Amino acid sequence: MSDAAQPTAAEVRAAAEAVKAALDRHLAAVENRTGDDDPAVYAAFNDLAAAAEAYDERLYDRYDEVTPFEIPGAEDSLPPYAGPAQPTALSVLIRRDYAVAEPQRLLAQAQRIADAERDDETPGAAAAVGSSVHAAVGVLFGEYEPDEIASRHKEFGLDEGDSTLWVAAADELPEPGEWLSTPFDQADPSRVICRFDVSAVFDEDELYEEDPSGRSHELP
């Protein structure tokens, strides 16, 4: 960048003051929020993100220095929305990762389910579990809904990893059975209306950003 295009020291200072003011507004919004989806918190978060980005750019352009923090934006995770303005159908895509932290606990829970099924006159259910974690996982997910497993994962000997939920626009509802053989092949990030991510990298905070397209992202 040429010297003529560089911000002045005063402009860098003004950008720093804007970050301080945005921090105060964000804290005030959080302290006075009316619920998990308070639009004032969203607005304050976006203002803080914009102020921090402007300061970071001016600091780098003027002094070749950077800030020690980074607030990811919508453009970091999704392309611009290219779906219909008024979707007539939706696809919900969910991924949740788990580590099998306590195999014996998982096996015991699956065996309990199999025993109950055997008591209900299902011959051979108990033998289907044995010492196989593979079989135990099939029994567990065959008995419980994914949301219940997510809420009780410790009980089943599982540790949570990252998870994400995408809500994507579709032109029309597919025919029954049309995509069952390849359910995730047609996932198109440019048609995602909103997404919600949970990860240890977010330090378990629960702040959300809404970008101009209306898509939401869980952010640190």
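The values are calculated or read from the model by the stated rules, or taken from the named source; none is laboratory data. Here the structure is a predicted model, which means the values were calculated and not measured. Every residue, glycine among them, receives a Cβ derived from its backbone with ideal geometry; neighbour counts consider all protein chains shown. Note: accessible area is taken over every heavy atom of the protein model, side chains too, but ligands, DNA and RNA are not part of it. Shrake-Rupley method; radii C 1.70, N 1.55, O 1.52, S 1.80 Å.
Within the shell defined by Cβ-Cβ distances under 10 Å, the residues around residue 169 carry a net charge of -1, with Lys and Arg each +1 and Asp and Glu each -1. Ligands, DNA and RNA excluded, the heavy atoms of residue 197 present near 20 Å² of accessible surface to a 1.4 Å solvent probe. Couplings 3J(HN,Hα) of the range 43-56, computed from phi: 4, 5, 4, 5, 4, 5, 4, 5, 5, 5, 5, 5, 5, 4 Hz, in residue order, whole Hz [Karplus 6.51 cos²θ - 1.76 cosθ + 1.60, θ = phi - 60°; x for Gly and Pro].
Roughly speaking, what is the stretch gain from residue 36 to residue 69, that is 0.36 nm per residue apart minus the C-alpha to C-alpha distance, in nm to one decimal?
Additional length available on full extension: 9.5 nm.
Calculate the FRET efficiency for residue 94 and residue 178 from the Cβ-Cβ distance with a Förster distance of 25 Å, rounded to the nearest 0.05. Calculated transfer efficiency: 0.85. Computed with a 1.4 Å probe on the full set of protein chains, the accessible area for residue 184 sits at about 130 Å². Ordering 93-105, 13-25 by mean Cβ neighbour count within 10 Å, with the highest value first, yields 13-25, 93-105. A full extension of the chain between residue 20 and residue 200 corresponds to an added length of 62.1 nm, given 0.36 nm per residue minus the alpha carbon distance. Taking 0.36 nm per residue of separation and subtracting the current Cα-Cα distance, fully stretching the chain between residue 10 and residue 186 would add 58.3 nm. Would you please give the residues with an amide H less than 5 Å from that of residue 67, counting only those at least 5 places away or on a separate chain, with H modeled from the backbone geometry? The answer is none.
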